[in-house]
């Protein structure tokens with residue numbers, strides 16, 4: 001994992017419990033300078049919705065009492081995206097206003113970012129972070145932390161999905177020896193050119209293996225593929 005992630009609980013070494021997921025979220029906020037974070041997913045096996053957040057209890061009660069999950073654009077619009085979604089991109093219509101018009105009353109801001117994660121079995125997870133600060137500070141923070149957030153999202157999502165008995169029964173993605181080698185060298189910081197030289201293959205061939213590994217792991221980016229492969233213990237952190 002990246003530097004900041006090494007300071008956060010490694011869920012692969014812990015039991016799959018709500019307390020550990022909340023600890024992960026708390027530590028993510030502490031070490032990456034966010035105010036609050038949340039995670040939500042729907043299991044493609046059971047259809048159950050799971051969510052964890054370190055928002056104030058009063059806000060969580062308000063959110064549940066008003067059934068805001070049914071209209072929350074940070075969930076529904078972000079789930080359709082393949083890239084991180086800054087909430088400034090969300091339509092500021094009725095749905096957005098119904099969720100956030102009282103957010104300030106609970107000490108929350110409508111300035112946030114949601115990182116979607118797609119798993120190999122059609123599952124989708126959403127890691128969201130918020131911070132009350134100037135627009136300039138927000139842009140600098142998210143630009144600096146986006147890679148680590150993507151890896152954190154994969155790590156948390158995969159742990160939650162593996163906590164489901166039926167999800168755990170699904171077959172783990174099977175990578176070829178070469179795909180595994182390419183991911184392992186990537187995990188320790190080697191470039192495609194470096195890996196090609198090490199394995200005596202062209203950098204284009206490296207990209208072919210990398211693309212295949214991403215597809216098998218259901219990852220949109222190389223960062224996500226590395227994070228997921230580490231979570232499955234196919235490769236190991238650098």
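Each value in this text was obtained by applying a stated rule to the coordinates, not by laboratory testing. Keep in mind the model is a prediction, meaning the values are calculated, not measured. Cβ: placed from backbone, ideal geometry, glycine included. Neighbour counts: every protein chain shown.
So the values come out like this:
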| item | result |
| --- | --- |
| Length gained when the stretch residue 15-residue 198 is fully extended (0.36 nm per residue, less Cα-Cα span) | 62.2 nm |
| Rg/Rg_globular for the chain, with Rg_globular taken as 2.2 N^0.38 Å and Rg from C-alpha atoms | 1.04 |
| Whole-angstrom gap from the stretch 76-147 to the stretch 220-238, using each part's C-alpha centre | 24 Å |
| Sum of -39500 (n - 2.57) over DSSP H runs of 4+, divided by residues of the chain (222 nm, nearest 500) | -14500 deg cm²/dmol |
| Extension gain, residue 82 back to residue 191 (0.36 nm per residue minus Cα-Cα distance, nm) | 36.8 nm |
| Among 82, 201, 146: highest mean-square fluctuation, GNM of the chain, C-alpha pairs under 10 Å | 201 |
| Paramagnetic label zone (point 7 Å from Cα along Cα-to-C-beta, residue 62; backbone N under 18 Å) in the stretch 16-41 | 35-38 |
| Gain upon complete extension [residue 70, residue 97; 0.36 nm per residue less C-alpha separation] | 8.4 nm |
| Residue order, fewest to most beta carbons within 10 Å, for 207, 135 | 135, 207 |
| The stretch 4-168, relative contact order in percent, only Cα pairs under 8 angstrom and at least six apart counted | 25 percent |
| Residues residue 147 and residue 121, FRET efficiency given R0 of 22 Å [Cβ-Cβ distance, rounded to 0.05] | 0.35 |
| Cα pair count fraction exceeding 22 Å, expressed as % - the stretch 53-185 | 48 percent |
| Rough spin-label spacing in nm, given labels placed 7 Å along Cα→Cβ, for residue 205 and residue 139 | 4.4 nm |
